[in-house]
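Notes to accompany the following structure.
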Amino acid sequence: MSHFSPTAAVNYFFNYFLMKGVLVTIGLTVAAVIGGLILGMGIALMRMSSNPVLSGFSRFYIWFFRGTPLLIQLVVIYSGLPQLGIKFSVITCALVGLILNEAAYLAEIVRSGFMAVSAGQREAAWALSLSPWTTFRRVTLPQAFRLMIPPLGNSINSLLKATSLASVISVEELMRRSDMLMQEHFQILEVYAAATAYYLILTSVWDAVQRRLEKHFGRSNAAKTRRAATRATVAQASVEARA
């Protein structure tokens, strides 16, 4: 009966083949976050639109992609779409699936962040004759982004681990390459111990980055909020004086 070998686990941790899988995992995560944020922002704006068609589409999108497993979505994109004559590479299938799924979650995070900004802030900006774009860029977005950071960070952490599902469609990320090594050498505990260590390192690094972002934007936005409150008070007094 074989026993767990710490030396073998360490060797697998520094295995170049496995390290390349880590890079693929990081690449999938970064690309899915960027694509998900862009698409999620659009879905969030549609969700807040007064147009019933846009709002209805965004509701359906969020309901569908949040209500079905990511694994099924990946398999359908990889194996189902070719039956309709639509075929992508393995990496493209993984990215499309991850982005579509992540966008549904990020859309709700973005929408919640914007909805949490008090209407009085926008009214004060209008009283100061700021344009809608300037109001969005200088008043609404900074405050909303600060509120989005915690749930956004948690979503990215979950996405980092969810990339392992791409192994089902043969994307050679960390989990897939771990499986390949395990099937070749039959050292299950050692291989997965190395993979576990990599996932813990990646999630811990992101956790540190998230805490730093929260601290940074918490300080900067507090100062901006105080200045905005002062301007709002002055603007309100001006409006009342004219009345």
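The values are calculated or read from the model by the stated rules, or taken from the named source; none is laboratory data. Just so it is clear, the structure is predicted and the values come from calculations on it, not from any experiment. A quick note on method: Cβ atoms are made from the backbone with ideal geometry, for glycine too, and the neighbour counts reach across all protein chains shown. SASA here: full protein model, heavy atoms, side chains in, ligands and nucleic acids out. Shrake-Rupley method; radii C 1.70, N 1.55, O 1.52, S 1.80 Å.
Within segment 7-42, the set of residues being hydroxyl-bearing (Ser, Thr, Tyr) and open to solvent by 40 Å² or more (accessible area, probe 1.4 Å) comprises Thr7, Tyr16. Scanning segment 144-163 for residues that are of a type outside the set (Lys, Arg), in contact with a Ser or Thr (Cβ under 8 Å, 6 or more places away or on another chain) and open to solvent by 30 Å² or more (accessible area, probe 1.4 Å) turns up Leu147, Pro151, Asn157.
Look at segment 115-143 and say how many of its residues are basic (Lys, Arg) and at pLDDT 70 or above. Even if it seems obvious, please write down each step before you answer.
Just the residues of segment 115-143 that are basic (Lys, Arg), to begin with: 122, 137-138.
Now drop any that are not at pLDDT 70 or above, which leaves 137-138.
Count: 2.
Residues that are in a helix (DSSP H, G or I) and without any contact (Cβ under 8 Å) to a residue 12 or more places away in the chain within segment 186-201 comprise Ile188, Thr196, Leu200, Ile201, listed in sequence order. For segment 59-91, the set of residues classified as surrounded by 13 or more Cβ atoms within 10 Å (Cβ to Cβ), farther than 20 Å from Val110 by Cβ and β-branched (Val, Ile, Thr) consists of Thr68, Val75, Val76, Ile77, Val90, Ile91, listed by residue number.
Do we have any residue at all in segment 77-86 that's aromatic (Phe, Trp, Tyr) and within 27 Å of Arg177 (Cβ to Cβ)?
Kept after step one, since they are aromatic (Phe, Trp, Tyr), are these residues of segment 77-86: 78.
Checking the rest, the ones that are also within 27 Å of Arg177 (Cβ to Cβ) come to 78.
Yes, the conditions are met somewhere in segment 77-86.
The set of residues in segment 43-58 that are open to solvent by less than 60 Å² (accessible area, probe 1.4 Å) and either within 23 Å of Glu173 (Cα to Cα) or touching a residue at least 12 places away in the same chain (Cβ under 8 Å) (or both) comprises Ile43, Ala44, Met46, Arg47, Ser58. From the list Arg47, Arg59, the lone residue that is over 14 Å from the mean Cα position of the chain (by Cα) and at pLDDT 95 or above is Arg59.
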